[in-house]
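To keep things clear, I will list the structure first and then write my remarks on it.
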Amino acid sequence: MTRHEKLSMAQALNRALRDAMTDDPSVVVFGEDVGPLGGVFRVTDGLTAEFGEDRCFDTPLAESGIVGVAVGMAMNGMRPVVEMQFDAFAYPAFEQIVSHVAKMRNRTRGQVALPMVIRIPYAGGIGGVEHHCDSSEAYYAHTPGLHVVTPSTATDAYGLLREAIASPDPVVFLEPKKLYWSKEEVELGPQPPAIGRAVVRREGTDATLIAYGPSVPVALEAAEVADREGRSLQVVDLRSIVPFDDETVCAAVRSTGRAVVVAEAAGFASVSSEIVARVTERCFHSLAAPIRRVTGFDIPYPPPKYEHLHLPGVDRVLDAVDDLQWEDS
Amino acid sequence: MTGDADHLLPSDTPVTLIDAHGHPVADAGRALPDDAALRRALASLITARRLNDQAYALVRQGRLAVYPSSHGQEACQIAAAQVLDEGDWLFPTYRDTVAAVERGVDPVEALTLLKGDWHCGWDPYEHRVAPHATPLATQLPHAVGVAHAARLRGEPTVVMALCGDGGTSEGDFHEALNFAAVLRAPVVFLIQNNEYAISVPLARQTAAPSLAHKGVGYGIPGERVDGNDVAALLSVLGEAVARARAGGGPQLVEAHTYRMQAHTNADDATRYRASADVEAWVGRDPITRLSVYLQIDESDFRARAERVAEHLRDGLNRDVEPDPARLFAHVYDRPTTQLQEQAARLADELSREVASR
């Protein structure tokens, strides 16, 4: 049964974990500070109290160990959901993720599946100091065997996390930190599948903005401003980077003939490059202009007092839209 | 925190029950395993040696890409498998093919990786043997996870996690031992210290008094054992497994042994160690000393070893035609649209190649 409640994204994720743990005793949650503290972003708030220390527990401070132990637990009948405290703190686990999480099913010809979720708060916009604001999606998206998803709404956060936990494949679940506290009316309960399915967030006829995670609200705001200026922008929210929904994205771009990709990560060799390449390969004859990208610069994530210069903002998105070779300009 | 760590420290010298000459050690402080257990061990040691040497020969014949032999380390391989119950798990490294076979894995399937037919040739659930781990020590946290999951469900599973001396320098070795200790996971970590990590000797790997001493830093009891004495290995590992099964938590065991051959056939050991050093270990061979001790007719054991070697030769001499569809079949539970497209493109490419021949 679907219930509605006004929740922040962090609360929606918490509800997803609680509901999954209630429904399935094999779901276990662990990581750094996820126990009595409830996680530094409170996503695991109350889980240890409700389900006990066997179901939600603090571990030693070692990310490779956390993911490696999750691999073993997933091999042996559990559905672990582990938290990497921040994007850049997940890097010690990179070898486990790339060499084992992503490959176990393939190595064993499908005999060993790893139903596990690696939750990673990611991206910037919260004034975080260095090592707390990386957009690390390309590393995971480049690795065959992983699903990589990122919600932009609290409702999707709930639905995607439930789906990720139920998935027979490992999922890297990227949570945009700056959206943790945005509240909205959330549908709790069964939702249509979202992994592998992009969604059109706003209809429009002149150009398509393609975004994911933290960049979706930026794209929506840009579309709002453009609308006041007489230009109708469509907004596509990927939700799922892997699997990538070519069908929805290409149908959207064909309908407008122009596109801008918006993403926080550095643009070079990125998910945004992949989107441009894929759409160009498939929609070349529908395009009235080359696809533009508005991304972070190719620099290490800057200090808090510089991040406004680095992050794709509404003005930069609208400038890119203006550059799409309009016939009247 | 306790100030008294003495109970975590290993013996001053490795536990030995049957010495290099085949004589039982007086005042060893432990009982010898019974004769039936030792006969069973000898039979397996003889098969294990035969498999090592057969696999080595199959590389020269071009049937295997490469083989990291455990020649000389067979006592560790056999004991690690024999102390386990059916419901237990074994986590082998790439040098532990023989241990996997002793646990029931078909030798042909155990060598699928090195034959090149696929990465893991066996079903890990069939005999509860994890796939060979190649990236060093990365399998150790998995072993802890398997053990912890079993403990949460109240199952009596114990996990035997293998690694080498080089692997103890990896971060995952540290993380796995620390997690196991904190979670009180039923894992026995067995380090086969064969003195070399490819070309690098132990002295360049660690400054610790012994590798077993590393346990004290995690609150895990460490023990040292003569890695060429299968009787001592069965006793020490058997005790560690029983302790873990009874809820006593993890244990670290260092077996002192020696890699008698090069790292793999592709390696040239003469570049970094003297043949005299290798010769010194010939006299400590694990099979010779048990044979001398038991003084029994081994002809049945040798006949069985020959049958297993023949099975291996037959299996590896059989060419398996690669199935292109397999490339895409198990990346995900169900292939993504993109993988379906790529599989179709490859199939089309191959059909056109056939047509143009």
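The values are calculated or read from the model by the stated rules, or taken from the named source; none is laboratory data. What you are looking at is a predicted structure, and each value in this text was computed from that prediction instead of being measured. Please note: Cβ atoms are built from the backbone with ideal geometry, for glycine as well, and neighbour counts cover all protein chains shown. The accessibility values were calculated without ligands, DNA or RNA, using every heavy atom of the protein model including side chains. Shrake-Rupley method; radii C 1.70, N 1.55, O 1.52, S 1.80 Å.
Given a 1.4 Å probe and heavy atoms of the protein chains only, how would you sort A:Phe284, A:Phe41, B:Phe179, largest accessible area at the top?
Sorted by accessible area, descending: A:Phe284, A:Phe41, B:Phe179.
Grab the DSSP H runs of chain B that are 4 residues or longer, score each as -39,500 (n - 2.57), total them, divide by all residues and round the 222 nm result to the nearest 500 deg cm²/dmol.
Rounded to the nearest 500, the figure is -13500 deg cm²/dmol.
Using alpha carbons only, how many angstrom separate the centre of the stretch A:284-317 from the centre of the stretch B:122-142?
Centre-to-centre distance over Cα atoms comes out at 43 Å.
So for the pair B:Ala246, B:Asp4, with labels modelled 7 Å out along Cα→Cβ, what separation do we get in nm?
Those two pseudo-labels are separated by 1.8 nm.
Using a 7 Å offset from the Cα along the Cα-to-Cβ direction at both B:Ala325 and B:Asp300, what is the distance between the two label points in nm, to one decimal?
Distance between label points: 4.7 nm.
First check a/c for the stretch A:199-322, with a ≥ b ≥ c the square roots of the eigenvalues of its C-alpha gyration tensor; if it is under 1.5, answer rounded, and if not, answer prolate when a/b is larger than b/c or oblate otherwise.
Oblate.
For the stretch A:136-188 and the stretch B:14-53, write down the distance between their C-alpha centroids in whole Å.
That distance is 55 Å.
Given a 10 angstrom Cα cut-off, can you work out which residue in B:Val159, B:Val59, B:Val230 is the most mobile in a GNM of chain B?
Residue with maximal mean-square fluctuation among B:Val159, B:Val59, B:Val230: B:Val59.
For chain A, which longest stretch is free of loop sites, where a loop site is one of the GluC sites (Glu not before Pro) that DSSP puts outside H, G, I, E and B and that has at most 16 other Cβ atoms within 10 Å?
With a cap of 16 other Cβ atoms within 10 Å, the longest stretch comes to A:230-326.
Determine the residues within the stretch A:89-112 where the difference in accessible area between the chain on its own and the full set of protein chains amounts to at least 20 Å²; count protein heavy atoms only and use a 1.4 Å probe.
Correct list: A:Glu95, A:Gln96, A:His100, A:Arg105, A:Asn106, A:Arg107, A:Thr108, A:Arg109, A:Gln111, A:Val112.
Starting from the Cα of A:Arg3, step 7 Å along the direction of its Cβ; do the same at A:Leu61; then give the gap between the two resulting points in nm.
3.6
Measure out, as a whole number of angstrom, how far apart the alpha-carbon centroids of the stretch B:227-303 and the stretch B:82-119 sit.
For the stretch B:227-303 versus the stretch B:82-119, the Cα centre distance is 17 Å.
Taking every DSSP beta bridge with both residues inside the stretch B:6-317, roughly what % is antiparallel (nearest 5)?
Given both bridge residues lie in the stretch B:6-317, the antiparallel proportion sits at roughly 10 percent.
Angle check, please: helix B:299-317 long axis (alpha carbons) against the longest principal axis of chain B (alpha carbons), in degrees 0 to 90, nearest 10.
30
When chain B is treated as a GNM, springs tying every alpha-carbon pair under 10 Å, which of B:Ala231, B:Ala48, B:Ala305 comes out with the largest mean-square fluctuation?
Answer for the Gaussian network model of chain B: B:Ala305.
Please give the average number of partner chain Cβ atoms lying within 10 Å of the Cβ of each residue in B:169-176, rounded to a whole number.
5
What relative contact order, as a whole-number percentage, does chain B give when Cα pairs under 8 Å and 6 or more residues apart are counted?
Over chain B, the number comes to 25 percent.
Total Å² of accessible surface buried at the A-B contact, 1.4 Å probe, nearest 100?
Summing both chains' loss of accessible area gives about 3600 Å².
Under a cut-off of 16 Å between alpha-carbon atoms, report the aspartates and glutamates in cross-link reach of A:Lys183, not counting same-chain residues fewer than 8 places apart.
A:Glu5, A:Asp156, A:Glu175
If packing is taken as the average count of other Cβ atoms within 10 Å, what order do A:17-26, A:237-246, B:199-208, A:251-260 fall into, highest mean first?
Top to bottom by mean Cβ count within 10 Å: A:237-246, A:251-260, A:17-26, B:199-208.
Rank B:Arg60, B:Arg128, B:Arg289 by mean-square fluctuation in a GNM of chain B with C-alpha springs under 10 angstrom and give only the top-ranked residue.
Looking only at B:Arg60, B:Arg128, B:Arg289, the largest GNM fluctuation is found for B:Arg60.
Could you tell me what percent of the DSSP beta bridges with both partners in chain A are antiparallel, to the nearest 5?
Expressed as a percentage, antiparallel bridges in chain A total about 25.
Can you give the angle from 0 to 90° between the axis of helix A:246-256 and the longest principal axis of chain A, with both taken from C-alpha atoms, to the nearest 10?
That works out to roughly 20 degrees.
Just check the stretch B:6-317 against the gyration tensor rule for me: Cα atoms, a ≥ b ≥ c as the square roots of the eigenvalues, rounded for a/c under 1.5, and otherwise prolate or oblate depending on whether a/b exceeds b/c.
rounded
Calculate the dipole size of the protein assembly as shown relative to its Cα centre from +1 charges on Lys and Arg beta carbons and -1 charges on Asp and Glu beta carbons; express the result in debye to the nearest 20.
Computed about the Cα centre, the dipole is about 720 debye.
Can you list the residues in the stretch B:291-332 whose accessible area drops by at least 40 Å² when all protein chains are present, compared with the chain alone? Use a 1.4 Å probe, heavy atoms only.
B:His330, B:Val331, B:Tyr332
How large is the accessible surface per residue of the stretch A:199-322, computed with a 1.4 Å probe and reported in Å² as a whole number?
43
Treating only the Cβ of Lys, Arg, Asp and Glu as charged (+1, +1, -1, -1), what charge dipole size does chain B show about its Cα centre? Round to the nearest 20 debye.
Roughly 320 debye, rounded to the nearest 20.
Can you show me the helix-derived [θ] at 222 nm for chain A, built from DSSP H runs with n ≥ 4 at -39,500 (n - 2.57) apiece and divided by the number of residues, rounded to the nearest 500.
-9500 deg cm²/dmol
Just the number please: accessible area per residue for chain B, 1.4 Å probe, all protein chains included, in Å².
43
Can you list the aspartates and glutamates whose alpha carbon sits under 13 Å from that of A:Lys6, skipping same-chain ones fewer than 8 residues off?
Hits, sequence-local ones excluded: A:Glu184, A:Glu185, A:Glu187.
For the protein assembly as shown, which whole-number percentage of the solvent-accessible area (1.4 Å probe, protein heavy atoms only) is attributable to carbon and sulfur atoms?
That share works out to 51 percent.
I'd like the FRET efficiency for B:Glu349 and B:Arg39, computed as 1/(1 + (r/R0)^6) with the beta carbon distance as r and R0 of 56 Å, rounded to 0.05.
So, using R0 = 56 Å, E works out to roughly 0.45.
In the protein assembly as shown, what % of DSSP beta bridges are antiparallel (nearest 5)?
20
With θ taken as phi - 60° and the coefficients 6.51, -1.76 and 1.60, list the Karplus ³J(HN,Hα) couplings across the stretch B:32-47 in order, rounded to whole Hz; mark glycine and proline as x.
Here the 3J(HN,Hα) series is 5, x, 5, 4, 4, 5, 6, 5, 4, 5, 4, 4, 6, 4, 5, 5 Hz.
Relative contact order of the stretch A:116-239, please, whole-number percent, based on alpha carbon pairs below 8 angstrom and at least 6 residues apart.
27
Quick one: angle between helix A:63-75 and the longest Cα principal axis of chain A, in degrees between 0 and 90, rounded to 10, please.
Tilt of helix A:63-75: around 70 degrees.
Starting at the first residue of the stretch B:263-274, write each ³J(HN,Hα) from the Karplus equation 6.51 cos²θ - 1.76 cosθ + 1.60 with θ = phi - 60°, in whole Hz, x for Gly and Pro.
Using θ = phi - 60°, the values come out as 3, 9, 4, 7, 9, 10, 6, 5, 6, 9, 8, 7 Hz.
Need the list of lysines near A:Lys305 for cross-linking: C-alpha distance under 17 angstrom, and skip anything on the same chain fewer than eight residues off.
Here the lysines satisfying the reach criterion relative to A:Lys305 are A:Lys178.
Considering only B:Ser235, B:Leu327, B:Val144, whose Cα is most displaced toward the positive end of the charge dipole of the protein assembly as shown, charges sitting on Cβ of Lys, Arg (+1) and Asp, Glu (-1)?
Going by the charge dipole, the pick is B:Leu327.
Hey, what's the stretch A:3-188 come to in accessible area per residue, 1.4 Å probe, Å²?
Heavy-atom SASA per residue in the stretch A:3-188 reads 30 Å².
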